[in-house]
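Here's the structure we're looking at; comments come further down.
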There are 2 protein chains.
Amino acid sequence: MTAARTSPRDRYREQTRAEIKAIALRQLAEGGAGAVALTRIAREVGLSGPALYRYFANRDDLLSSLIQDAYDDAATAVGSVGDQLPPSPRTSLRLLADAYLGWAAAQPHRYLLIQGSPLPGYSAPADTTARARAVLGPFLQVFATGEPDEEVRPLVAELAAWAQEDEAAAAWLREYTGLEPEDDRAATALAGAVLAWSQLHGTVSLEVSGQYAGMGHRARTLLTCQMSTLAAAFRLPDDWPERATG
Amino acid sequence: MTAARTSPRDRYREQTRAEIKAIALRQLAEGGAGAVALTRIAREVGLSGPALYRYFANRDDLLSSLIQDAYDDAATAVGSVGDQLPPSPRTSLRLLADAYLGWAAAQPHRYLLIQGSPLPGYSAPADTTARARAVLGPFLQVFATGEPDEEVRPLVAELAAWAQEDEAAAAWLREYTGLEPEDDRAATALAGAVLAWSQLHGTVSLEVSGQYAGMGHRARTLLTCQMSTLAAAFRLPDDWPERATG
DNA sequence: TCGCGTGAGTTACAGTCTCTAACTCAAGAT
DNA sequence: ATCTTGAGTTAGAGACTGTAACTCACGCGA
């Protein structure tokens, strides 16, 4: 990718960074973000504590790196569904939601790392929002085909204003739907995506943090019901509308 | 309340515990659960570090205490709406959801403490589940009046089985709805409550952890839309059904 | 191929935090 | 009036983050 010049030292450095991140990821999986400890990583790599600060400025920097990877990975998982362009928006929504849940369930701690409670004292780098929105992009595409019911129109209205005032929002929309912010469908897409995100996050995070334990339902069923209801509220069609391919 | 015998020593002890908890609560509000540090609390109270271990067995014990209070407080906030028995189930749902959001928004860190990512190494005491269910109890009452639409029936089915197999679930239902687990309305109530919980948590936790920052909508609007949709999916009536008062 | 800059690594240490051990002391129950 | 018990103390072990000041050898440029 951006391998402008790759000297032996650079390569060695990259390799060590990767090794550190791999161990950090394991610690994350074993005990959550709090369990990621530079000292212990160093011991495992075979270095003395302070050596790690050659590779990451501090603990937050290491976590940021894990967070970025996680967002990118999630975006890929969700995006790969969007790329296949399933038969209908309805189906697409179901598949996207499944992919989201599937990704999170397969690596609960990584999900909690990016979507759980904010880490104490941690402040996210600037591009985090963009990465987060990349995960939700494919949902925009689906909901752009919808016709919002009465019940969700207040939200559509609020987001219509946003699309027209916020350049980043407009760019996000353009990238995934090709729509201009003035288009009614733009606001519809935003409303659908926000609703879907909110419901996905609710169900997935309760599942992943074990709060459904002992309750007699599967998260998958719950999520499917929610997406059906959402599809109904936006009257998602059973076929993709005509559009310029490419 | 349970003041069986209150010796001077007991009173002093209770007062000190309360003071410790008050400071802990402030630290929680200032920097999240991770920022609650016994050492610093001790300094503030004017004691030396280890003295605090006379009052709380360890850090987790202190946090458990805060967690219990938070659940009880939330249950009271939500329950006070349920007690007023608003004009209709539909209205009731809206008011309950508002109360939930309102409580959480007013004290974000306490919300994250009980509903955020699990704390590293922390294992909740046994009665936590019961306390959590007390918060959701009033929702059972509302959804017991519903008629589930097609889209949510898979969830109702799964929860019907649960109600009939799990004694704790049955007891929960009985307490808030008076229904026996065989009753169809029991499963409906459970499904509604679980859906509502999931959606409340999604919206509230994204709001409270600041992930909506920079997006052009209010959490309140989002939540209202969701509750409307949910009310529609359960065909919540505009009047309470007849029932034995008492 | 030689030399030297730079980056990788070291030890030592300061500071924060949790929690245990072993002790003192006085309030209050009997 | 006694003596039990609980509140408080200091000392200290063990993790962890992060800084300072140092050594050393790799590998780039002349």
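Things to note:
- Considering region B:7-21, the residues that are within 27 Å of residue B:33 (Cα to Cα) and surrounded by fewer than 13 Cβ atoms within 10 Å (Cβ to Cβ) include one that is farthest from DNA strand D (Cβ to nearest atom), namely B:18.
- Of all residues making up region B:16-62, the number that are among the hydroxyl-bearing types (Ser, Thr, Tyr) and either touching a residue at least 60 places away in the same chain (Cβ under 8 Å) or not in a loop (DSSP other than H, G, I, E, B) (or both): 3
- Tallying residues that are within 14 Å of DNA strand C (Cβ to nearest atom) and touching a helix residue (DSSP H, G or I) at 6+ places or on another chain (Cβ under 7 Å) within region A:54-77 yields 3.
Rundown of residues vs (1) closer than 22 Å to residue A:205 by Cβ; (2) in the same structural domain as residue A:124 (by TED's automatic domain parsing); (3) more than 16 Å from DNA strand C (Cβ to nearest atom), yes/no style:
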position: A:17; (1), (2), (3): no, no, no
position: A:22; (1), (2), (3): no, no, no
position: A:25; (1), (2), (3): yes, no, yes
position: A:30; (1), (2), (3): yes, no, yes
position: A:48; (1), (2), (3): no, no, no
position: A:52; (1), (2), (3): no, no, no
position: A:81; (1), (2), (3): yes, yes, yes
position: A:101; (1), (2), (3): yes, yes, yes
position: A:105; (1), (2), (3): yes, yes, yes
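- Residues in region A:152-167 that are of a type in the set (Gly, Ala, Ser) and more than 8 Å from chain B (Cβ to nearest Cβ): A:157, A:160.
- Out of A:51, A:35, A:57, one residue alone is within 16 Å of DNA strand D (Cβ to nearest atom), within 14 Å of another protein chain (Cβ to nearest Cβ) and more than 30 Å from residue A:235 (Cα to Cα). It is A:35.
- Taken over region B:152-189, the criterion of being within 19 Å of the chain's Cα centre (by Cα) and basic (Lys, Arg) is satisfied by B:174 alone.
- Restricting B:120, B:148, B:125 to those that are touching a residue at least 60 places away in the same chain (Cβ under 8 Å), surrounded by fewer than 18 Cβ atoms within 10 Å (Cβ to Cβ) and in contact with a helix residue (DSSP H, G or I) (Cβ under 9 Å, 6 or more places away or on another chain) reduces the list to B:125.
- Region A:190-211, subset of a type in the set (Gly, Ala, Ser) and outside any loop (DSSP other than H, G, I, E, B), residue farthest from residue A:92 (Cα to Cα): A:205
- Members of region B:212-242 that are more than 7 Å from chain A (Cβ to nearest Cβ), small (Gly, Ala, Ser) and more than 17 Å from residue B:95 (Cβ to Cβ): B:213
- Inside region B:54-78, residues that are surrounded by fewer than 16 Cβ atoms within 10 Å (Cβ to Cβ), within 19 Å of residue B:119 (Cβ to Cβ) and more than 18 Å from the chain's Cα centre (by Cα) make up a count of 3.
- Residue in region A:164-180 that is buried (at least 24 other Cβ atoms within 10 Å of the Cβ) and more than 22 Å from residue A:72 (Cα to Cα) present: no
- Residues being modelled with pLDDT of 95 or more, within 13 Å of DNA strand C (Cβ to nearest atom) and either crowded, with 16+ Cβ neighbours inside 10 Å or under 15 Å from residue A:16 (Cβ atoms) (or both) - total across region A:33-42: 3
- Yes/no for residue A:88 being touching an Asp or Glu at 6+ places or on another chain (Cβ under 7 Å) and either away from DNA strand C (no atom under 16 Å from the Cβ) or modelled with pLDDT under 95 (or both): yes
- Only listed residue being within 14 Å of chain A (Cβ to nearest Cβ) and more than 16 Å from DNA strand D (Cβ to nearest atom), chosen from B:64, B:117, B:88, B:80: B:117
- Positions within region B:192-211 being more than 8 Å from chain A (Cβ to nearest Cβ) and over 30 Å from residue A:161 (Cβ atoms), in sequence order: B:192, B:193
The values are calculated or read from the model by the stated rules, or taken from the named source; none is laboratory data. Please read all numbers here as calculations on a predicted model, not as lab measurements. Every residue, glycine among them, receives a Cβ derived from its backbone with ideal geometry; neighbour counts consider all protein chains shown.
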